[in-house]
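Heads up, the thing below is written out as structure tokens.
Values in this text are rule-based calculations from the coordinates and carry no lab data. In this text the structure is predicted, and so the values were computed from the model without any measurement. For neighbour counting, all protein chains shown are included, and Cβ atoms are generated from backbone atoms with ideal geometry for every residue, glycine included.
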Amino acid sequence: MSAGRRIAVYWSPGRSLESALETMAQCEPDARLCAIVPPAYPLSESERLLARDFIHADEGRYTFRHPWPLLRWMRRLRRERFDLLIVLFDSPRLIAMAGAARPRKAACLLPNRVLLTVPASLPGAMALLLARRLKGFCVYALIGLTIHLSKTRLPAIDETDRIRKFSE
Amino acid sequence: MRIAFADLLFSWPPQGGADADVFHTCREIQAIGHDVHLFAAHHIKSRERTGFDPAALPFPSTRLDFDDAAMNRKHVPARFREAVDAWRPDAVFFAFGYFLKPYVMEALAQYPSIARFYAYEPFCPRDLRRFKDGDPCPFDYLRTPDLCRRCALKSLAPEIRSWRFLAWGRDYWAARAFMPGYHARLVAALRNCRAVVVYNEMTRRLFAGFNENVFVVPGGVEAGKYTVCNKPESRPMVVLMTGRVEDPVKGLDCLVRAAVRLRRLRDDFEVWVTRSDWPDAPPGFKATGWLTPEALRDLYGQADICIVPSIWDEPFGMAAVEAMVAGRPVCASRVGGLQEIVVDGETGFLFDREDDATLADCMNRLLDDAALRKRMGMAGRARAESEYDWPRIVASHYPRILERLSS
């Protein structure tokens, strides 16, 4: 079923790329794996063996007023038409990137090999991030109120003798 | 004695010093004749923890799986209580955990217990480091809870606002650690323990007033897996920094400053660091990438000197012990547990936090003198074998701690 599937794994710091490539090679032995890594990424021997293609993740420097390098990079990813794009953390930046790359499917691979589906379109990714942010702001306000309106009752601590004893 | 180990974050293969510590402590306590059983929580949607396969461990273990909904202050203690009660232990050893740990300690309060702390978990709800704005923090949650609650919220704000948690933030929310009542629960849990085990003297002193039976037990290495290879004299010499060097508290900036300073005097050395990418590395610096434990052991063999320039109060300092057991001299900053590992002038040199000038001097001295490097490396190896080999650690520290359980 998986013959010919192109699966891309977007790098993250640490040894996560290698283990993600190993996991995907085991789960989908016939798929063609592609690693998206920064230009100076020191590839390990097994990363070289596991991935058939390498793409340099080179977003370049972009700003809100000068988004062209980012848009070029997104266009490049879209042209690849991945069947599955895997990110290794579900950070807002990576979710938005996975959505903007418009693969057939996008997922976040957790360290314990669980694949969490994430939106494979930019509007879907934006909706997910917005919903999370809304919930986050409400909870943050609730915690802030709790902390600023309540005071912790301290237990009686006679430290002087004990500190002396501990210092001996 | 039947000892149940309760851990809320255990992963194997290890994802940090705490996992290795739990593994070896269980194994060696079993080896000295006690029955042990590890009960460990695994959050199945964890973004950091891989969990473990109970069949792959050399001692009995039970993995308690939790999904998002069950990873909270009610279900987690209840599952632990149920599992531990069924095994009927004589005592419980509370291993690694963040904010949910006091709830589990409370649920198992009827057993004589030991609590192990691996960093500054009870003292810093911000990030367990007691390190803020580039300096060690003078406050601690047990004594200044309201101040620390505000600091923690400020630090966790990005995680909470984006509703995307790592384990620390998720535990903070799951345990409702921002509530004023959490402090009393933590203090009660600490006071109920028969013994508390920590990594260094500084942490021991912090427990004053909350538990009087605090024992310092270092972490360790498997000394047998390391061989001391006599590196042939070759240029350039290699100065190595290992560990999570991307983390600013590990002090890579200090090493860079020291190396740049030293390059004005000599250029016969390279600095290798274990980070995955370093596009703007200064000349003479090299990123080795992340390495497997085997590859890391080989890397120590290629190094001439190892540097541990941490700027936070490292609770232990595994990188220093690994370098010592590999027979390499260590230059380490005078912080936390590191200053208890490296014997200044004998197994390496100690320098003050962020003092790149002294670090450059120490490096220069060692790079100049092959005999000194060899002598310090051998002294480090001997110290690591006698003080930091796992069977020795458990045999020399735990019998008197376990005595507290039966007293």
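Values computed for the structure shown
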item	result
Mean Cα-pair separation over length for chain A, i.e. relative contact order, pairs under 8 Å, 6 or more apart, %	17 percent
Coil-residue trypsin sites (Lys or Arg not before Pro) of the range B:185-277, DSSP, other Cβ within 10 Å capped at 15	B:Arg244, B:Arg264, B:Arg266
Sequence-separation-based contact order of chain B, relative, with Cα cut under 8 Å and 6+ spacing, percent	14 percent
Rounded to 5, percent antiparallel among DSSP beta bridges of chain B	5 percent
Tilt relative to chain B, helix B:252-263 - C-alpha long axis, 0 to 90 degrees, to 10	10 degrees
Pairwise centroid distance, computed over Cα atoms, of the range B:89-119 with the range B:133-201, Å	16 Å
Pairwise Cα inverse-distance average, inverted: Kirkwood Rh of chain A (Å)	18.8 Å
Alpha carbon convex hull of the protein assembly as shown, volume per residue in cubic angstrom	165 Å³
Gyration tensor (alpha-carbon) shape descriptor, the range B:244-334, a/c threshold 1.5	rounded
Partner aspartates and glutamates for B:Lys101 [C-alpha distance under 12 Å; skip if fewer than 8 residues away on the same chain]	B:Asp7, B:Glu121, B:Asp171
Cα-Cα over 30 Å, subset of A:Lys105/B:Lys250; B:Lys74/B:Lys154; A:Lys151/B:Lys45; B:Lys225/B:Lys250	A:Lys105/B:Lys250; A:Lys151/B:Lys45
Sparsely packed trypsin sites (Lys or Arg not before Pro) within the range A:1-72, loop by DSSP, other Cβ within 10 Å at most 10	A:Arg61, A:Arg65
Estimated FRET transfer efficiency (A:Leu43, B:Arg63; beta-carbon r; R0 51 Å; 0.05)	0.95
Efficiency of FRET between B:Arg392 and A:Phe137 - r from beta-carbon atoms, R0 41 angstrom, step 0.05	0.20
Distance (nanometres) between label positions extended 7 Å along Cα→Cβ at B:Leu147 and A:Glu22	4.6 nm
Rg to Rh quotient for the range B:223-387, alpha carbon positions, Kirkwood Rh	0.92
Net charge over other residues, Cβ less than 10 angstrom from the Cβ of B:Ile341 (K, R count +1; D, E count -1)	-2
Simple label model, 7 Å out from Cα along Cβ direction - B:Ala83 to B:Ala55, nm	1.8 nm
Exercise: per-residue mean of other protein chain Cβ atoms within 10 Å, A:142-154	6
Coil-residue trypsin sites (Lys or Arg not before Pro) of the range A:83-135, DSSP, other Cβ within 10 Å capped at 16	A:Arg104, A:Arg113
Average beta carbon contacts from partner chains per residue of B:41-48, 10 Å cutoff	4
Calculated FRET efficiency for the pair B:Ala281/A:Arg76, C-beta based, R₀ 22 Å, to 0.05	0.25
Dipole moment magnitude, nearest 20 debye, chain B about Cα centre, only Lys, Arg, Asp, Glu C-beta charged	900 debye
